[in-house]
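Beneath this line is the structure, given in structure tokens, with notes to follow.
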Amino acid sequence: MAGLCAAGADLQHQRLSNYFHIFPQIGLSSSVELVPGALHLPFNITFPVLGFAYFINLDVALWLWLCTVLVNIQKGLYGILGIVSSESLDTYSVNPASIAHQGMGALLVLVAYSLWVGCEHLRAAVEDGDEILSYRTAFWGAIGGLLFAGWWLYMSGLPPHIAAFFLLAAFAIFVAMTRIVAESGVPEARTPMMPQSFVASGVGTAALGEVGLTALGLKFVWATELRIVVMTSVAHGLKLLEGFKGSQRPFFWALMLAVVVSMVSSAWAILELSYAYGGINMNQWFFGGGAWAPFETFVARRLANPSGPSWEGWLSTGIGATVMGALMLCRHFFTGWPLHPIGYPIAGLWLMDHSWFSIFLAWAIKGVVLKYWGPRGYRATRPFFMGVILGQFVSAGVWLVIDACTGMTDNRIFSW
């Protein structure tokens, strides 16, 4: 109950201040300027992240917040030393480009290691009767899906080898985001670099041409700004199935039904609202800047400034891959190694800037509880942090009903 009240208090004051201006808003965001004009560190308290982070393993939580702080220091040092990347990516990728490339290199190593471990599992001829699909069906289904997607990419104007490169990058991002969210426990994550920019940076605009660049711009619809992907939701669903007695094969068709229903209903809702109220009057990002950003900041910018492959970008990608590989090797060979590498690929994201301090608080509180109170103390404090998560959503739901009854508009229902 205490956790629920604590989480709901902030949102309650925000809404009350919109109805009655005598109620001040509670500020939970700030920053500290470590080096004037070059290095600042954001501090935000978000109750759902605080609650979720309390259930993260201590070694994972440590590296999530520590790596974010270190990457912010790296950005500041770049500014102090005058190290400026000559490459401009897109609106969605991490800035500066060198940090985005490092995160992408780390992400690729994470995926390569995951696939290597998965191959070991498949070669062992493990029984797949308790899976929602047989391994053979899953494998050939993936191959068929990739070939179908590759054909569409080719028909849209991408050369075959570029289409294969793009699919490889996009597939790696989907797999990495799924593992990061499932293993680290963060509520959401996104890629440090969009696959379109990775391809364009890697091969250069000359290899793509005007048609290829435009085709890549159209792919921002399904392969960019992905905070939660279907693979992540499926991974959580499979976790819930653990211990289920009976065949799990029907669960696959339930997943497919959910995907179809969500696609149809969301498309209908967007079209209905757009025609009823006018898209220009709705969310300024999703119906405005976010819609034309791919063609302004990616296609048009590269058509106006053609370039070859970015060797600076490949160097930064190699640095990120090397650091990630070293972290994973240390984790594998050294018992008690305290730094879990899962947080490195997402350390440069604005989402982590917004979340790191809440993760730090949860890590510190949990560390103290386990050290001085043990497992019994951890079990005793779990309800509070569950309430912290629930309180934010319950409060948002209550205010949504109140706004609907009073006709109040333009209130932010929820924000990380």
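Residues considered: 218, 208. Of these, the only one that is open to solvent by less than 40 Å² (accessible area, probe 1.4 Å), at pLDDT 85 or above, touching a helix residue (DSSP H, G or I) at 6+ places or on another chain (Cβ under 9 Å) and on the phi < 0 side of the Ramachandran plot is 208. Summed over the range 187-205, residues that are surrounded by 22 or more Cβ atoms within 10 Å (Cβ to Cβ) and part of a helix (DSSP H, G or I) total 7.
Return the residues of the range 360-392 that are in contact (Cβ under 8 Å) with a residue 40 or more places away in the chain and among the basic types (Lys, Arg); say none if nothing qualifies.
366, 382, listed by residue number.
Among the candidates 238, 168, 146, which residue alone is over 18 Å from residue 92 (Cβ atoms) and either open to solvent by less than 30 Å² (accessible area, probe 1.4 Å) or in contact (Cβ under 8 Å) with a residue 60 or more places away in the chain (or both)?
Being over 18 Å from residue 92 (Cβ atoms) and either open to solvent by less than 30 Å² (accessible area, probe 1.4 Å) or in contact (Cβ under 8 Å) with a residue 60 or more places away in the chain (or both) holds for just one of 238, 168, 146, which is 238.
Determine if the range 339-352 includes at least one residue that is open to solvent by 30 Å² or more (accessible area, probe 1.4 Å) and either among the polar types (S, T, N, Q) or touching a Ser or Thr at 6+ places or on another chain (Cβ under 8 Å) (or both). No, every residue in the range 339-352 fails to be open to solvent by 30 Å² or more (accessible area, probe 1.4 Å) and either among the polar types (S, T, N, Q) or touching a Ser or Thr at 6+ places or on another chain (Cβ under 8 Å) (or both). Restricting the first member to the range 316-329 and to residues that are in contact (Cβ under 8 Å) with a residue 60 or more places away in the chain and at negative phi, and the second to residues that are hydroxyl-bearing (Ser, Thr, Tyr) and surrounded by fewer than 19 Cβ atoms within 10 Å (Cβ to Cβ), the beta-carbon pairs closer than 9 Å and six or more apart or on different chains are 316/85; 324/113; 325/113; 328/113.
The set of residues in the range 199-235 being closer than 27 Å to residue 359 by Cβ and not β-branched (Val, Ile, Thr) consists of 225, 226, 227, 231, 233, 235. Of the candidates 290, 308, the single residue that is small (Gly, Ala, Ser), under 22 Å from residue 93 (Cβ atoms) and surrounded by 16 or more Cβ atoms within 10 Å (Cβ to Cβ) is 290.
For the range 73-95, residues that are under 19 Å from the mean Cα position of the chain (by Cα) and surrounded by fewer than 21 Cβ atoms within 10 Å (Cβ to Cβ) total 2. Scan (1) buried (at least 16 other Cβ atoms within 10 Å of the Cβ); (2) on the phi > 0 side of the Ramachandran plot; (3) not polar (S, T, N, Q) for the single condition residue 278 breaks and write down its number. It fails just one condition, (1). Here residue 171 passes the criteria (1) part of a helix (DSSP H, G or I); (2) over 19 Å from residue 101 (Cβ atoms) except the one numbered (2). Looking only at residues in the range 66-101 that are in a helix (DSSP H, G or I) and under 19 Å from residue 224 (Cβ atoms), which one is modelled with the lowest pLDDT? Looking at residues that are in a helix (DSSP H, G or I) and under 19 Å from residue 224 (Cβ atoms), I get 97.
Okay, residues lined up against (1) over 23 Å from the mean Cα position of the chain (by Cα); (2) within 20 Å of residue 215 (Cα to Cα):
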{"residue": "151", "(1), (2)": "yes, yes"}
{"residue": "158", "(1), (2)": "yes, yes"}
{"residue": "163", "(1), (2)": "yes, yes"}
{"residue": "170", "(1), (2)": "no, yes"}
{"residue": "175", "(1), (2)": "no, no"}
{"residue": "178", "(1), (2)": "no, no"}
{"residue": "188", "(1), (2)": "no, no"}
{"residue": "193", "(1), (2)": "no, yes"}
{"residue": "197", "(1), (2)": "no, yes"}
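Of all the residues in the range 171-186, those that are open to solvent by less than 40 Å² (accessible area, probe 1.4 Å) and not β-branched (Val, Ile, Thr) number 5.
In this structure, does residue 110 turn out to be under 24 Å from residue 71 (Cβ atoms), modelled with pLDDT of 90 or more and in a helix (DSSP H, G or I)?
The answer is yes for residue 110.
Going by the conditions given, is residue 125 among the aliphatic types (A, V, I, L, M), under 28 Å from residue 249 (Cα atoms), exposed (fewer than 11 other Cβ atoms within 10 Å of the Cβ) and modelled with pLDDT under 90? Here the answer is yes, as residue 125 does meet what is asked. Screening the candidates 213, 255 for the property of being closer than 30 Å to residue 386 by Cβ, part of a helix (DSSP H, G or I), open to solvent by less than 40 Å² (accessible area, probe 1.4 Å) and in contact (Cβ under 8 Å) with a residue 60 or more places away in the chain yields one hit, 255.
The values are calculated or read from the model by the stated rules, or taken from the named source; none is laboratory data. Since we're looking at a predicted model, the values are computed, not measured. Cβ: placed from backbone, ideal geometry, glycine included. Neighbour counts: every protein chain shown. With ligands, DNA and RNA removed, areas are computed over all heavy atoms of the protein, side chains included. Shrake-Rupley method; radii C 1.70, N 1.55, O 1.52, S 1.80 Å.
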